[in-house]
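Below is one structure, written out as C-alpha cells; the observations come after it.
The values are calculated or read from the model by the stated rules, or taken from the named source; none is laboratory data. Only a predicted model underlies this, so the values are computations on that prediction, with no experimental measurement involved. Cβ coordinates were reconstructed from backbone atoms using ideal geometry, including for glycine residues, and neighbour counts include every protein chain displayed. Remember, those area values only see protein heavy atoms, side chains included, never the ligands or the DNA or RNA. Shrake-Rupley method; radii C 1.70, N 1.55, O 1.52, S 1.80 Å.
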Amino acid sequence: MDISPILKPFKISNKLELQNRIVLAPLDMQNALSDGRVSQRAITFHRGRSRDVGLDVVGSAYVSQDGKPGKHSLSVSRDADIPGLTKLAATIHGDGSKAILQLVHAGRMTTKATTDTPIVAPSAVAAGYGDFPKPTALDEDGINRIIKDFLSATDRAYKAGFDGVELHGASSFLLQQFLSPMSNHRRDQFGVNLVGRLRFATILVTKLVKLAKSLSPNFVVGYRLSQKNTKPRGYH
C-alpha cells in the first residue's frame with residue numbers, strides 16, 4: 001500500500017499548514033493534576049505521540065469548574081492554567097506538529113465529587129446511563145455565563161500558543177445535551193424545536209469565530225459533532 005499521500009503537507013482552510021495528514025484524535029487521558037493543571041505525564045504523553053503527526057488535538061479541556069468531566073481532566077478555566085498549557089503547546093510544536101485544544105463542558109455527565117459544584121444541564125433530566133445525578137436546569141444567566149467561559153478559554157488557548165480550538169459537541173456533553181430532545185425539555189428560546197435546541201451552539205459558534213478572527217486570521221475553530229445515535233429520538 002502506498003501511504004505517501006498521507007505524508008504530504010495539508011492546509012486547513014488555507015490557514016494552518018500541517019506537515020502531514022495524520023491527526024492525533026482528542027483523548028481525555030485523565031493525566032492532568034487534580035486541579036486540572038498540565039502534568040509531566042501529559043507532557044511526556046504528547047511529546048511521544050505528536051512527533052509523527054501533522055496535528056495533535058488535545059482532548060477535553062474544561063472551560064469552567066462545573067463542566068469538569070473527570071477528576072484528572074485538563075483545565076483551561078483559569079488564567080493560572082496558561083503556563084502549563086504554554087509548555088504543552090510548545091512540546092507539541094517541538095517536532096513540527098500543530099496543536100489544537102478541545103474545549104468541553106460536561107453538563108450533566110459529571111458528578112459533584114468531581115466538580116465540587118452543582119451539576120447543570122439544559123434541563124433537570126438525569127442521564128439515561130451511568131451513575132450521574134439529576135442536574136439543575138440552567139437559566140439564561142447561566143447559559144450566558146457558560147458561553148463567556150468558552151470565549152475566555154479560547155483566549156487562554158491562544159495566549160498559550162495553540163493554533164486553534166475545537167468545540168466538543170459529542171459524547172453526550174453539554175453542547176450535545178442542548179441538541180437532543182431527550183436531554184433538552186426547555187420551553188424557551190433554547191428548546192421547543194430543532195431551531196431552539198440549536199440556538200446555544202449557534203450563539204456560541206458565532207461569538208467564538210468572531211473572537212478567533214480578532215485574535216489571529218490563522219487561528220482555527222473546529223466543532224466535533226457526533227454521528228452516533230443509539231436511541232430513536234436522539235441521544236441519551
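Data for the structure
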{"quantity": "Out of VAL63, VAL76, sole residue that is under 28 Å from SER183 (Cβ atoms) and touching a Gly at 6+ places or on another chain (Cβ under 9 Å)", "calculated": "VAL76"}
{"quantity": "Given (1) under 19 Å from the mean Cα position of the chain (by Cα); (2) surrounded by 14 or more Cβ atoms within 10 Å (Cβ to Cβ); (3) farther than 21 Å from GLY67 by Cα; (4) not β-branched (Val, Ile, Thr), number of the condition GLY196 does not satisfy", "calculated": "(1)"}
{"quantity": "Breaking point among (1) closer than 24 Å to PHE178 by Cα; (2) among the hydroxyl-bearing types (Ser, Thr, Tyr); (3) not in a loop (DSSP other than H, G, I, E, B), for THR110", "calculated": "(3)"}
{"quantity": "Among the candidates ALA126, ALA157, ALA113, ALA170, residue that is in contact with a Ser or Thr (Cβ under 9 Å, 6 or more places away or on another chain) and among the aliphatic types (A, V, I, L, M)", "calculated": "ALA170"}
{"quantity": "Residue under evaluation GLN189, criteria (1) touching a residue at least 24 places away in the same chain (Cβ under 8 Å); (2) open to solvent by 30 Å² or more (accessible area, probe 1.4 Å); (3) touching a Lys or Arg at 6+ places or on another chain (Cβ under 7 Å); (4) over 30 Å from GLY96 (Cβ atoms), criterion not met", "calculated": "(1)"}
{"quantity": "Unique match (being more than 21 Å from the chain's Cα centre (by Cα) and among the aliphatic types (A, V, I, L, M)) among ALA106, ALA99, ALA90, ALA124", "calculated": "ALA124"}
{"quantity": "Residue, farthest from SER73 (Cα to Cα), within segment 112-154, restricted to residues that are surrounded by 15 or more Cβ atoms within 10 Å (Cβ to Cβ) and in contact with an Asp or Glu (Cβ under 8 Å, 6 or more places away or on another chain)", "calculated": "VAL120"}
{"quantity": "Answer from SER64, SER39 - the residue that is of a type outside the set (A, V, I, L, M) and closer than 25 Å to ILE147 by Cα", "calculated": "SER64"}
{"quantity": "One residue from SER123, SER171 being at pLDDT below 95, in a loop (DSSP other than H, G, I, E, B) and over 18 Å from VAL209 (Cα atoms)", "calculated": "SER171"}
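One line per residue, one yes/no per condition, for (1) at pLDDT 95 or above; (2) assigned to a helix (DSSP H, G or I); (3) under 19 Å from ASP131 (Cβ atoms):
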position	(1), (2), (3)
GLY70	yes, no, yes
ILE82	yes, yes, no
LEU85	yes, yes, no
THR91	yes, yes, no
ASP95	no, no, no
THR114	yes, yes, yes
